[in-house]
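Notes to accompany the following structure.
The values are calculated or read from the model by the stated rules, or taken from the named source; none is laboratory data. Every value quoted in this text rests on a predicted model; they were computed, and no experiment measured them. For neighbour counting, all protein chains shown are included, and Cβ atoms are generated from backbone atoms with ideal geometry for every residue, glycine included. Side chains included, ligands, DNA and RNA excluded: accessible areas come from the protein's heavy atoms. Shrake-Rupley method; radii C 1.70, N 1.55, O 1.52, S 1.80 Å.
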Amino acid sequence: VTETEEVRRGLAEGLTLPAEWYCSTSQYEAEQRHIFSRSWHYAGHCEALVEPGSFLTCWIGPIPLIVLRDPEGKLRAFINICRHRGSLLLHEASGRAKSLQCGYHAWTYNLDGSLRAAPGSKDEITFDSDELGLRPAAVETWGPFVFVNPNADSPPLAATLGNLPTMVAETGVQLDDLKVRQETSYEIRANWKIVVENYLECYHCPVAHPQFSAMLDVREIDVQTHEFYSTQTLEPRSTPQPAPYETAGEVENGFYAFLWPNFTINIYPGPGNVSLNIIRPLDAQRTRMDYFFCFVDSVGNEEAEEFMRFVDQVQKEDTALCESVQLGLASGMFDRGHLMLERERAIQHFQQLVWQAASHQPPAARHAPLPPNH
Ligand code: FES
Ligand SMILES: [Fe+2]
C-alpha cells in the first residue's frame, strides 16, 4: 500500500489527515500548486467593478491577479505580471485605468490584455507584440460576488457552486441587495486546514461559543455535504433567550456554507446579512481570515456594530481553538485524529477533497447535471 493510499483509507474510516500535512512546508507548497492555483476564489464585490476601466488586484497564494471591467462592460482577469521581465504590473489594490502600464520599462497593455506598446520595440527584428499579451485568468460572478481562478482553462464556476446559490436564496437573503459594510482580518497561528475544519463542525459550539449556543439550537444541526461544498443549518432555540444582537428579520435560521477550497458564507438569523470569511494560508502554520460583512441598507450602523461585535467574539473563541490544535499537531506526539462522523462529517468531506487534489486524483464522482443557470 502506498502512503497516499493509506491516508485515503484512513479518511474513509473517519481518521483525519496526518499531522504532517498541517505542519510541513512541502505539503503547504504542494497545496498551493494543486489546490489554490486551480480553484475558484472570491476576489471582491461587483460594486467595486461597476465603471469601465475599474480594476482590483488580489493574491491567490503567491499568484498576483488583476480583475477589471473592460470598456465593453466585460469582466476580465489576468495574471498581474508584466510579460517583459516579470515585474508586478499593478501595485494598487484598486482603481481606474485606461491602460495598464508597467512601472519598470513602461510596457503598456490594453484592458483586453493585449500589448499596446513597448518602448524601443521597433528596433527589435523579432519582436511580436501579438505574442506578449497578459496571461488570462478566469473570472465569473455569483450574485454580487466576483470569483477568479488563476487557471484560465478551469471548469466554470457553476461546476464548483452546484446547488449552493439556490440554497442561499432559500435562506431569505437577497444577495443582490447586500453591500459590503465592513472588512476585518484576523491572523491565526494555525494551518489553513485547521481553520477550515473548525468551521466545518459545531460539535465544539456548546463548549466554546456560549452566546452562539444560547441563540441557535446547536444540538439539532443539519449538516449536508455536496460535491464541492457543505452546509450547516441551525434553527433558533424554541425557548427565547436574550440574543446578542437584533434577530428579528427576514432570515429565520442560521445557515453556514463552506465552498471549496477556502470560502465560507455565513447567514445569521435576523435582517438581511451575509458575512464572507476567506481563509487565506500565509505559510504552513499561519492563516489570515478575511471577513467581509454585508448588510441590506435597512440595517442601521448600530445594529450592524452590535452584530459584528458578536461575530468578533465568536471568532476570538475559534482562533484560540485553532491555535491550540496547531500546537498539538506540531508536537510530533500526535498523528491522526478520530472524527465523530455523526457531527463531523463535513470535515471528512473536506479532507477527502484535499486528499484528491493533493494526490492528483480526479473528483470521485460527478453528481447530477448542474442546473442551466444560477
Ligand atoms: S518588466 Fe515590465 S516593462 Fe520591463
Ligand atoms: Fe467555532
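Numerical summary
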read-out	value
Orientation-averaged projected area, Cα convex hull of the range 149-225 (nm²)	8.2 nm²
Signed unit charges on C-beta, dipole axis of the chain, positive-most listed residue Val311, Ile81, Ile125	Ile125
Shape parameters for the range 1-78, alpha-carbon atoms, Rg then Dmax in Å	18.9, 56
Charge dipole of the chain about the Cα centre (unit charges at C-beta), most positive-ward option of Phe258, Pro242, Ser24	Ser24
Net dipole in debye of the range 197-249 [+1 Lys, Arg Cβ; -1 Asp, Glu Cβ; about Cα centre; nearest 20]	220 debye
Placed amide H near Ala330: partners under 5 Å, 5+ positions off or other chain	none
Longest site-free stretch - the chain; sites: chymotrypsin sites (Phe, Trp or Tyr not before Pro), DSSP loop, at most 15 other Cβ within 10 Å	128-333
For the chain, cysteines whose Cβ has no other cysteine Cβ within reach (under 4.7 Å)	Cys23, Cys46, Cys58, Cys294, Cys322
Computed [θ] at 222 nm, deg cm²/dmol, the chain (DSSP H ≥ 4; -39,500 (n - 2.57); rounded to nearest 500)	-8000 deg cm²/dmol
Amide H partners (placed H, <5 Å) of Phe145, local residues excluded	Cys46
Unit charges on C-beta of K, R, D, E only; dipole of the chain, Debye	920 debye
Interatomic Cα distance distribution for the chain, bins of 20 angstrom, percent	27, 55, 17, 1
Amide H contacts of Gln182 (H built 1.01 Å from N, under 5 Å, at least 5 apart or other chain)	Phe293
Solvent-free Debye scattering, log10 I(q)/I(0), computed from the Cα coordinates of the range 1-152 at q = 0.16 Å⁻¹	-0.88
Derived scalar couplings ³J(HN,Hα) [the range 344-352; Karplus, 6.51 cos²θ - 1.76 cosθ + 1.60; whole Hz; x for Gly, Pro]	10, 4, 5, 5, 4, 4, 4, 5, 5
Volume per residue of the C-alpha convex hull in the range 109-263, rounded to whole Å³	187 Å³
In order through the range 131-146: 3J(HN,Hα) via Karplus (6.51 cos²θ - 1.76 cosθ + 1.60), integer Hz, x for Gly, Pro	8, 10, x, 5, 6, x, 10, 8, 9, 8, 10, 10, x, x, 9, 9
Kirkwood Rh and Cα Rg combined as Rg over Rh, evaluated for the range 92-131	1.03
Estimated D of the range 229-373 in µm² per second, where Rh is the Kirkwood radius over Cα pairs and Stokes-Einstein applies at 4 °C, 1.567 mPa s	72 µm²/s
GNM top mover of Val299, Val195, Val223 - the chain, alpha-carbon springs below 10 Å	Val299
When the convex hull of its Cα atoms is projected in every direction, mean area for the range 107-171 (nm²)	5.8 nm²
Normalised alpha carbon radius of gyration of the range 178-311 [divisor 2.2 N^0.38 Å]	1.04
Dipole-positive endmost among His204, Ala190, Ile267 within the chain (Cβ charges, Cα centre)	Ala190
Charged-residue dipole, Cβ positions (Lys, Arg, Asp, Glu), the range 138-291 about Cα centre, Debye nearest 20	520 debye
Accessible surface of the range 190-340, 1.4 Å probe, proportion on carbon and sulfur as whole %	51 percent
J(HN,Hα) series, the range 218-225, from Karplus relation 6.51 cos²θ - 1.76 cosθ + 1.60, nearest Hz, glycine and proline x	6, 7, 9, 7, 9, 9, 10, 10
